[in-house]
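Take a look at the structure set out below.
The values are calculated or read from the model by the stated rules, or taken from the named source; none is laboratory data. Everything quoted here is computed from the prediction, not taken from an experiment. Note that each Cβ is placed from the backbone with ideal geometry, even for glycine, and that neighbours are counted across all protein chains shown.
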């Protein structure tokens, strides 16, 4: 039985995520699906798994057109999806998650817990005979690797015809990874096809029978895996539009100033950074594929609760890892991704959002609010960042994405003077148009020129190429050899983060 996608278009407001994509997935093969971040892979498999319905195009199973209105519809048709984000219920234990929706019941009502545990254990031994997991423990208490194994076993529970595995080994240690490789290889022999998404090209090459490459929402090619080298896959994944102009704008190496941030033997969850230094006036890019650890490292610098390290210093002063307020007081600021979730409040005015980090600047002392002081400072920051709004009293939700992002940056500049020596940006131009991107990059360069150390974690490689002085690529939660500005190229970046030997 084949699953065929024909001329699939997925249009979101302002973005065409898929543009006439076609692909055929067979039940007798492992089919690798690769592409850069934003190439359309997740959108395609979400359509295949029933989580999204395409704007146009056709999906056929065994030659019969079908419409998958939900993940349940996909399961009924024999398609199971193990997502990258995970979908386990944290309050349930491992066995309950494996059997969720298929619990053995007495008289159709009361769950037979003993039978449930036995059936879950049998499934675990069938698929992962060498893995020991306490299925009686809540999954929230289990390591990430064990959670991934449980999710995969649950997907295999109903003997589907096609299983989508989205970055299945990103968080798995070597023992479980090798076990999963064995399972993936033998699934087609049992009539279960696999759609495998992985940023580890060596994994894609080792496991796939055929490989499909997407770029900018378009189908580039589908070829036998043994016909393509890892280097050729890198070339096929590259984006060609607009790259030359951004590379031409790549800055020269910054003059090396004082060290404003230094960490040694930094352990944040699975992320381990032996040593890292950021200098005043320097813009350093952190890049990596999904789960590589670059985002986790950047976030942990602003919220290092639970971090273990040999040393942490900011502007030459030793700092004990602590909560965000502690790190802010030490001189570390964070402009996070997903601004409407983590940084801004849509129903507040621009002035209120700008003042949320340093509200004391708008007071006359003793907590007495001065609307005039607030207004003057809000106007100053809005002018500095060229925020397009008719008033600081305008509600934030009325602004465009680019202007919202400027407010997210501006709240660290409001009433701050020279307080921050380190500014961390995560996906700084997420959902921002070209004009606003240019202005945000200019602000980063202005801050760097004033002696601020800038750290940028971004999935946009052209963005990193255009603003960074050097780049640190992450692979498997570890930093790799840094890349100097003179060596910047999209090909070099992808090679470094894919783990392909240069």
| request: Scan region 20-66 for residues that are part of a strand (DSSP E or B) and either surrounded by fewer than 16 Cβ atoms within 10 Å (Cβ to Cβ) or over 19 Å from the mean Cα position of the chain (by Cα) (or both) and report the count. | output: 19
| query | Among (1) at pLDDT 95 or above; (2) buried (at least 22 other Cβ atoms within 10 Å of the Cβ), where does residue 279 come up short? | reply | (2)
| Filter result for residue 437 (assigned by TED's automatic domain parsing to the domain that holds residue 270, over 20 Å from residue 341 (Cα atoms), without any contact (Cβ under 8 Å) to a residue 40 or more places away in the chain and touching a helix residue (DSSP H, G or I) at 6+ places or on another chain (Cβ under 8 Å)) | yes
| remark: Taking region 198-222 and keeping only residues that are more than 22 Å from residue 11 (Cα to Cα) and buried (at least 16 other Cβ atoms within 10 Å of the Cβ), one is left with 198, 199, 200, 201, 203, 204, 205, 207, 208, 209, 210, 211
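Quick test for you: out of 464, 424, 456, pick the one residue that is touching a strand residue (DSSP E or B) at 6+ places or on another chain (Cβ under 6 Å), assigned to a helix (DSSP H, G or I) and crowded, with 21+ Cβ neighbours inside 10 Å. Explain how you work it out, then say what you get.
Working: 424 fails: assigned to a helix (DSSP H, G or I); 456 fails: assigned to a helix (DSSP H, G or I).
Only one candidate passes the filter, namely 464.
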| Flag if residue 168 is modelled with pLDDT under 85, more than 27 Å from residue 500 (Cβ to Cβ) and either in the same structural domain as residue 78 (by TED's automatic domain parsing) or not in a helix (DSSP H, G or I) (or both) | no
| request: Confirm whether residue 78 is modelled with pLDDT of 85 or more and over 25 Å from the mean Cα position of the chain (by Cα). | output: yes
| query | With respect to residue 269, is the statement that it is under 25 Å from the mean Cα position of the chain (by Cα), at pLDDT below 95 and assigned by TED's automatic domain parsing to the domain that holds residue 184 true? | reply | no
| request: Would you check if there is a residue in region 291-312 being out of contact with any helix residue (DSSP H, G or I) (no Cβ under 9 Å at 6 or more places or on another chain), assigned to a loop (DSSP other than H, G, I, E, B) and either in contact (Cβ under 8 Å) with a residue 60 or more places away in the chain or assigned by TED's automatic domain parsing to the domain that holds residue 411 (or both)? | output: yes
| Any hit, region 374-385, residues being in contact with a helix residue (DSSP H, G or I) (Cβ under 7 Å, 6 or more places away or on another chain), touching a residue at least 60 places away in the same chain (Cβ under 8 Å) and in a loop (DSSP other than H, G, I, E, B) | no
| task | Please state which of the following conditions residue 17 fails to meet, knowing it meets all the rest: (1) modelled with pLDDT of 90 or more; (2) part of a strand (DSSP E or B); (3) within 26 Å of the chain's Cα centre (by Cα). | result | (1)
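Any chance region 82-99 includes a residue that's in a strand (DSSP E or B) and either outside the structural domain of residue 460 (by TED's automatic domain parsing) or over 24 Å from residue 150 (Cβ atoms) (or both)?
For region 82-99, residues in a strand (DSSP E or B) and either outside the structural domain of residue 460 (by TED's automatic domain parsing) or over 24 Å from residue 150 (Cβ atoms) (or both): present.
If you scan region 325-344, which residues turn out to be within 24 Å of the chain's Cα centre (by Cα), part of a helix (DSSP H, G or I) and surrounded by 15 or more Cβ atoms within 10 Å (Cβ to Cβ)?
Just the residues of region 325-344 that are within 24 Å of the chain's Cα centre (by Cα), to begin with: 327, 332-344.
With the extra rule that they be part of a helix (DSSP H, G or I), the set shrinks to 327, 339-342.
Correct list: 327, 339.
A quick yes/no check of all residues on (1) in a loop (DSSP other than H, G, I, E, B); (2) out of contact with any helix residue (DSSP H, G or I) (no Cβ under 6 Å at 6 or more places or on another chain); (3) in the same structural domain as residue 90 (by TED's automatic domain parsing); (4) in contact (Cβ under 8 Å) with a residue 24 or more places away in the chain:
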| residue | (1), (2), (3), (4) |
| --- | --- |
| 118 | no, yes, yes, no |
| 126 | no, yes, yes, no |
| 133 | yes, no, yes, yes |
| 136 | yes, yes, yes, yes |
| 140 | no, yes, yes, yes |
| 164 | no, no, yes, yes |
| 177 | no, yes, yes, no |
| 180 | no, yes, yes, yes |
| 185 | no, yes, yes, yes |
| message | Looking for something buried (at least 19 other Cβ atoms within 10 Å of the Cβ), more than 25 Å from residue 76 (Cα to Cα) and touching a strand residue (DSSP E or B) at 6+ places or on another chain (Cβ under 6 Å) - is there at least one such residue anywhere in region 140-160? | response | no
| So how many residues does region 82-125 have that are closer than 13 Å to residue 137 by Cα and loosely packed, with under 13 Cβ neighbours inside 10 Å? | 3
| task | Within region 67-81, identify whether any single residue is in a loop (DSSP other than H, G, I, E, B) and surrounded by 22 or more Cβ atoms within 10 Å (Cβ to Cβ), and answer yes or no. | result | yes
